[in-house]
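Okay, structure first, notes after.
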Amino acid sequence: MEGKILIVDDDEKIRNLISIYLDNEGLTTIKAESAKEALQLLKKNHYDLILLDIMMPEMDGIQACMKIREERNMPIIMISAKSEDMDKIQGLASGADDYLTKPFNPLELMARVKSQLRRYTKYNTGGITTSEIEIGNLLINTESRQVKVGEKEVRLTPKEFDILELLARNKGIVMSVSKIYEAVWNEDSFKSDNTVMVHITKIREKIEADPKHPIYIKTVWGVGYKI
């Protein structure tokens, strides 16, 4: 598998360890010891995925993720020693696509990296080949992965786009939280409720005129979501 990965962590040992794992899989790694250094690198280079530590001095990973999401949509995997649900929710709400808790298993790290890279470079269209899905004023281009509401382009993270496309391709069908999670994250839906909810909330904030009264993504209480 090919890919250029930016590793951002203030711990040199962690940076080097992750780099060894990824290099052994044929991936190209670049290391940054701070969020500010990472932002400087992003101004000059393209990366296919970012591994971003949360607990860093000066600018933490949450702030850095929000800053990156202003302009870039490559996958971001948060890495943190914090394992509480609220910490994960905060990380995902800032725009991250996945969250990995330290200490992590190298095999799990690689599985998550590969999963994100696959979805970023070649998203499974579910057998439907049309590149555009139009629902009211909402236009989704599955080839360019662009979303427009009217004439306004909306920037979604890779995971947000995948969820929106999944719902749009199944228009009118209620998708359970577990089905959404399994289809988009490609893993079992254990404790997936908060993860999906956070991403749905972020999508609504971007595509709905009034997120509290959505016209596109509807909640079917006790069941899931539908367009």
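The values are calculated or read from the model by the stated rules, or taken from the named source; none is laboratory data. Because the structure is a prediction, the values reported are computed rather than measured. Reconstructed Cβ throughout: ideal geometry from the backbone, glycine too, with neighbour counts over all protein chains shown.
Quick notes on this one:
- Residue list for the range 149-175, filter: surrounded by 16 or more Cβ atoms within 10 Å (Cβ to Cβ), part of a strand (DSSP E or B) and over 16 Å from the mean Cα position of the chain (by Cα): Val149, Met175
One line per residue, one yes/no per condition, for (1) surrounded by 21 or more Cβ atoms within 10 Å (Cβ to Cβ); (2) over 17 Å from Ile200 (Cα atoms); (3) assigned by TED's automatic domain parsing to the domain that holds Glu33:
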{"site": "Asp53", "(1), (2), (3)": "yes, yes, yes"}
{"site": "Asp60", "(1), (2), (3)": "no, yes, yes"}
{"site": "Cys65", "(1), (2), (3)": "yes, yes, yes"}
{"site": "Ile68", "(1), (2), (3)": "yes, yes, yes"}
{"site": "Ile76", "(1), (2), (3)": "yes, yes, yes"}
{"site": "Lys82", "(1), (2), (3)": "no, yes, yes"}
{"site": "Leu92", "(1), (2), (3)": "yes, no, yes"}
{"site": "Leu100", "(1), (2), (3)": "no, yes, yes"}
{"site": "Leu109", "(1), (2), (3)": "no, yes, yes"}
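- Residues of the range 18-35 classified as assigned to a helix (DSSP H, G or I) and surrounded by 15 or more Cβ atoms within 10 Å (Cβ to Cβ), total: 5
- Screening Val8 on (1) touching a Ser or Thr at 6+ places or on another chain (Cβ under 8 Å); (2) more than 23 Å from Lys88 (Cβ to Cβ); (3) surrounded by 14 or more Cβ atoms within 10 Å (Cβ to Cβ) shows it passes everything except condition (2).
- Condition check for Glu134: closer than 16 Å to Ile227 by Cα, surrounded by fewer than 20 Cβ atoms within 10 Å (Cβ to Cβ) and either free of Cβ contacts under 8 Å to residues at least 24 places away in the same chain or in the same structural domain as Leu92 (by TED's automatic domain parsing) (or both): yes
- One residue from Glu187, Glu182 being surrounded by fewer than 16 Cβ atoms within 10 Å (Cβ to Cβ) and in contact with a helix residue (DSSP H, G or I) (Cβ under 8 Å, 6 or more places away or on another chain): Glu187
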